[in-house]
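Everything on this sheet refers to the single structure shown next.
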Amino acid sequence: VYLMRRIDANTLAQVQYRYGFAWVDENSFLSTQIAELVLSHVWRKAGTTSLSADVVWTDLRFRFADTPDAVLCPGALVPCGPNGLREDRERNRDGVSFGAGVSHSYPVAVPTGLAELVKQMELVGGYRFRYLDSEGDEWKHFGHVFNAGIEVELPMSFRASTHVSYEYRDFDNPSTYPDFEMADVAYVLSGSDRLEHEVTFTAEVEKDLTNQLSVSARWAYLNNKSNRRVYDYTRHVVGAYLNFRFD
């Protein structure tokens, strides 16, 4: 749901609200609400600049189990955690995220020699700040996201784009996850605050079928580096999509 208002010939304000709900099998999994304010201005020659602010409410519908305390470790068949640590509470990701950012898109003049191959080219980039105030200390953090990309209009109603982003996440507390676990042994947690660096890259090719219908193929790559092994991973997503625009 959104409301737009034109402030002047080159400036547009928009307020929008989004709600999402997800299931895994037949069980509720995730509920989200997003409220966002965006102010966009089109410059005469320098492209379009957008300022945004948002609030995100997240409610995960599953709960983590509490790891047995070290005092119960002798004879246990599972790893044990520090005495008194409630992992089920500390790992609760529910909470409110506050964000603000700036983005800019800049049209690039296509060289004469490429005019038959490239109809239009645009550079995009921006910065976003956010803070997640989660109910569990595991997820409280500040985030700084930098992104850049290029979007190209091609002949025969084709479009191609690539985007890359880097996010630095500075957590308020150490993680409740150890690097190593052994049955019948109480694991030791690091005293250093959790810290992460995430790099993402996406590439997409899209073809218009009608004014509102298109098909696309997309590859997305994510590499998350963390000082806790459980959060250190890479991910590839390859997909084909059928897109419908209501505008």
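Tabulated results
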read-out: Per-region count, the stretch 178-234, residues under 23 Å from the mean Cα position of the chain (by Cα) and small (Gly, Ala, Ser); value: 5
read-out: Strands (runs of 3 or more DSSP E) contained in the stretch 1-50 and holding at least 1 residues open to solvent by less than 50 Å² (accessible area, probe 1.4 Å); value: 11-24, 27-42
read-out: Answer residue from the stretch 145-198, given it is open to solvent by 50 Å² or more (accessible area, probe 1.4 Å), aromatic (Phe, Trp, Tyr) and part of a strand (DSSP E or B) and is nearest to Val71 (Cα to Cα) among those; value: Tyr168
read-out: Qualifying residue in the stretch 186-205 (condition: among the basic types (Lys, Arg), closer than 26 Å to Leu123 by Cβ and touching a residue at least 12 places away in the same chain (Cβ under 8 Å)); value: no
read-out: Matching residues in the stretch 106-126 - criterion: being of a type outside the set (A, V, I, L, M), touching a Pro at 6+ places or on another chain (Cβ under 8 Å) and open to solvent by 60 Å² or more (accessible area, probe 1.4 Å); value: Glu116, Lys119, Gln120
read-out: Near pairs, Cβ below 8 angstrom, 6+ apart or cross-chain, from the stretch 62-74 (free of Cβ contacts under 8 Å to residues at least 12 places away in the same chain) to any residue that is not in a loop (DSSP other than H, G, I, E, B); value: Leu72/Cys80
read-out: Residue that is nearest to Phe142 (Cα to Cα), among those in the stretch 214-247 that are hydrophobic (A, V, I, L, M, F, W, C) and modelled with pLDDT under 95; value: Val230
read-out: Criterion: charged (D, E, K, R), touching a residue at least 40 places away in the same chain (Cβ under 8 Å) and within 27 Å of Arg128 (Cα to Cα) - qualifying residue of Arg159, Arg218, Arg169; value: Arg159
read-out: Selection within the stretch 68-105 - assigned to a loop (DSSP other than H, G, I, E, B), crowded, with 18+ Cβ neighbours inside 10 Å and modelled with pLDDT of 85 or more; value: Arg91, Asn92
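The values are calculated or read from the model by the stated rules, or taken from the named source; none is laboratory data. Nothing here was measured: the structure is a model prediction, and the numbers come from that model. A quick note on method: Cβ atoms are made from the backbone with ideal geometry, for glycine too, and the neighbour counts reach across all protein chains shown. Note: areas computed on protein heavy atoms with side chains; ligands, DNA, RNA excluded. Shrake-Rupley method; radii C 1.70, N 1.55, O 1.52, S 1.80 Å.
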